[in-house]
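Here's a structure for you.
The values are calculated or read from the model by the stated rules, or taken from the named source; none is laboratory data. Source: prediction; values computed, not measured. We place every Cβ from the backbone using ideal geometry, glycine too, and count neighbours over all the protein chains shown. Each accessible area value is taken on the protein alone, full model and side chains, heavy atoms only, with ligands, DNA and RNA left out. Shrake-Rupley method; radii C 1.70, N 1.55, O 1.52, S 1.80 Å.
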Amino acid sequence: GQGSAPTAQAVVSQYACQRRTTTENNNKIFTDAFEVLAESYEFNEIEGPCLAFRRAASVLKSLSWAVQCLEATRNVPCLGEHTKAVMEEILRYGRSFEVEKILSDERYRTLKLFTSVFGVGPKTADKWYRGGLRSFSDVLGDRGIRLNRMQQSGFLHYGDISRAVSKAEARALRNIIDEAVHAITPDAVLALTGGFRRGKEFGHDVDFIVTTPELGKEKNLLPSIIKRLTKQRILLYCDYQASTFDMSKLPSYRFEAMDHFAKCFLIMRLEGSQVEGGLHLAEGDSRGWRAVRVDLVAPPMDRYAFALLGWSGSRQFERDLRRFARLERNMLLDNHALYDKTKKEFLAATTERDIFAHLGLEYIEPWQRNA
Ligand code: ATP
Ligand code: MN
Ligand code: MN
């Protein structure tokens, strides 16, 4: 339930990894506004304010109460001048004029539209915008531009993959992947990760980790799964990236870097008959199937805990785990390993709990990581 601002307020940590954030957001009117502002700064490549608004949104999501006046946020960190001015506007008028201006801005709207296509990032979207393109028909028309394979699939399945994936659909996909993985390797390990592991009702995709207890055997796993799904004719798109992971190159950390494990970004065909309660389709859509985005990552078993922690998200939770490790513990954390810079050694972990313990953090359950 929604609490009220405690009178003797507990101090809230500036790090998401020291807060418990469920999917229940009591401050959506503020966090929605902050996310628009953050994205607008991101489109303009202004990193500082972008991060500041993301942090502010994240800290408000962790509160068990709705902010009703600015004085109540005295013990809430990560709220700067600009952030507070936006909150003040929302508290007073029910909306922010700065946010409304962004929402009606042509460049913001166009970049938002273009980046909603699978395979189109902010750089490409901006290039298209500068080339005078404003709509999908501008992009796809006869005077349109060359698209790569990923973008072609993105447009082809646009309606389906821009529609949220339900928990029931995620479960159905889990069954399909589970069947495939175990037909290939009976002792394989499959784990649901990403937003659904955090207890979200809907997601933009479904994320899985697959591996084998026997080290090295995981190398053939993704190619075998892909082959099998292709034979079953349920792979609509597949981008496979082989592993470039090399323990001897660690620690070689770039903040926010992608990991080096084998992975594939898929679009899968999901039959309605396989989903309990049916597909999550638009009103009046009576097709028997839909397309769904699926990510699979296959780390070696000895990296499993780090990969699971790294892929469970949220993105802000991950950012703050790394920032906390670096600034508070002089350690480097990424999806592969945890390195203690003082002791000059790697810290081993077989579970997520081990990693939290090494960092001297209280364990945060996956469903409390919706920062
Ligand atoms: P949604 O419901 O929108 O899918 P999500 O939290 O599952 O929410 P994802 O984009 O699927 O969001 O990402 C899940 C996690 O995987 C995040 O923590 C992210 O940091 C990580 N991740 C995503 N893509 C990569 C990648 N290419 N390399 C490494 N980590 C990644
Ligand atoms: Mn996801
Ligand atoms: Mn994903």
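On average, how much accessible surface per residue is there in the chain, in Å², for a 1.4 Å probe, leaving out ligands, DNA and RNA?
Roughly 50 Å² per residue, with all protein chains present.
Sequence-distant or interchain residues sharing an amide H contact under 5 Å with residue 314, placed H: which?
HN-HN under 5 Å from residue 314: 371.
Can you give the FRET efficiency for residue 85 and residue 283, using 1/(1 + (r/R0)^6), R0 = 45 Å, r = Cβ-Cβ distance, to the nearest 0.05?
Efficiency, rounded to the nearest 0.05: 0.70.
What distance in nm lies between label points placed 7 Å from Cα along the C-beta direction at residue 230 and residue 190?
2.0 nm
Pairs 112/167; 123/217; 61/112; 231/263; 28/101: which exceed 28 Å Cα-Cα?
123/217
Ok, one more. Note down the magnitude of the dipole of region 142-255 about its Cα centre, charges +1 on Lys and Arg C-beta and -1 on Asp and Glu C-beta and zero elsewhere, to the nearest 20 debye.
Charge dipole of region 142-255: 240 debye, to the nearest 20.
Okay, next question. Farthest toward the dipole's positive end in the chain, which of 216, 53, 309, given Cβ charges of +1 (Lys, Arg) and -1 (Asp, Glu) about the Cα centre?
216
Kindly provide the pair-distance distribution of the chain built from C-alpha pairs, with 20 Å bins from 0 and whole-percent values in order of increasing distance.
25, 57, 18, 0
Just the number, please: carbon plus sulfur as a percent of the accessible area of the chain, 1.4 Å probe, no ligands or DNA/RNA counted.
50 percent
How much of the calculated P(r) for region 108-148 lies past 13 Å, in percent of all Cα pairs?
44 percent
I've got another one for you. Mind grabbing the base-10 log of I(q)/I(0) for region 11-85 at q = 0.26 Å⁻¹? Debye formula, identical points on the C-alpha positions, no solvent, two decimal places.
-1.32
Here's another thing I want to ask about it. In nm, give the distance between the simple-model label positions of residue 123 and residue 101, each being 7 Å from the Cα along the Cα-to-Cβ direction.
The answer from the label model is 3.1 nm.
Okay, next question. To the nearest 500 deg cm²/dmol, what mean residue ellipticity at 222 nm is calculated for the chain from DSSP H runs of n ≥ 4 alone, each contributing -39,500 (n - 2.57), summed and divided by the residues?
Here the helix-only value at 222 nm equals -12000 deg cm²/dmol.
Just read off the accessible area of residue 246 with the full protein assembly in place, 1.4 Å probe, to the nearest 10 Å².
Near enough 60 Å² of accessible area.
Considering every Cα-Cα pair within region 308-368, what fraction, in whole percent, is farther apart than 14 Å?
51 percent
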